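One structure is given below, encoded as structure tokens.
The values are calculated or read from the model by the stated rules, or taken from the named source; none is laboratory data. Not measured: the values here are computed from a predicted model. Here the Cβ positions follow ideal geometry from the backbone for every residue, glycine too, while neighbour counts run over all protein chains shown.
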Amino acid sequence: MVRVTTLSVIQPTCCEPLTTAPLSVEQAVDLSRLIKALADPGRLRLLSLLADSPEGEACVCDLTGPLGLSQPTVSHHLKVLTAAGLLTRDKRGTWAYYAVVPDALRSLSAVLSPDRVPAGS
């Protein structure tokens, strides 16, 4: 008589298990606000110009020329970036000076980094 033994086959997974947790709803909402504000070529150029400013800030009157945009357009973009928390605005007399908020860029960079903190850490 022949004895037949049935062995179960362990199926390998298709890929490595996920090691990071997804963003929380609150984090996703906050970051989507930042990303939405950056979803315009003019605003991206404006942010890069301010980030590279030797003084760390610039007046709207200094931003129109390098960008080739009108003053109302630059002012609109500055308002959107400020409302999103990417820039600060400092009013000095009739002039407004804008500067990048480093923590806002760090939070965006951290979540997009491949070196995110593993789940459960």
Fill in the blank from the handout: Note: among ASP40, ASP30, ASP52, just one is modelled with pLDDT under 95, within 23 Å of VAL101 (Cα to Cα) and in contact with a helix residue (DSSP H, G or I) (Cβ under 8 Å, 6 or more places away or on another chain), namely ASP30
Problem - Filter result (loosely packed, with under 13 Cβ neighbours inside 10 Å, of a type in the set (Gly, Ala, Ser) and assigned to a helix (DSSP H, G or I)) within region 29-50 - result: SER32, SER48
Practice task
Take region 86-100 and flag every residue that is under 18 Å from ALA37 (Cα atoms), buried (at least 16 other Cβ atoms within 10 Å of the Cβ) and out of contact with any helix residue (DSSP H, G or I) (no Cβ under 6 Å at 6 or more places or on another chain).
Solution key: ALA99
Problem - region 54-67, residues that are part of a loop (DSSP other than H, G, I, E, B) and touching a residue at least 24 places away in the same chain (Cβ under 8 Å) - result: GLY56, GLU57
Completion exercise
Of the residues in region 68-85, those that are touching a helix residue (DSSP H, G or I) at 6+ places or on another chain (Cβ under 8 Å) and either surrounded by fewer than 15 Cβ atoms within 10 Å (Cβ to Cβ) or not aliphatic (A, V, I, L, M) (or both) come to SER70, GLN71, THR73, SER75, HIS77, ALA83, GLY85
Handout entry: Residues satisfying the stated conditions in region 69-91, i.e. part of a helix (DSSP H, G or I), under 19 Å from the mean Cα position of the chain (by Cα) and not hydroxyl-bearing (Ser, Thr, Tyr)
Key = HIS77, LEU78, LYS79, VAL80, LEU81, ALA83
Practice task
Please indicate, with yes or no, whether at least one residue in region 80-92 is touching a Ser or Thr at 6+ places or on another chain (Cβ under 8 Å) and within 24 Å of LEU112 (Cβ to Cβ).
Solution key: yes
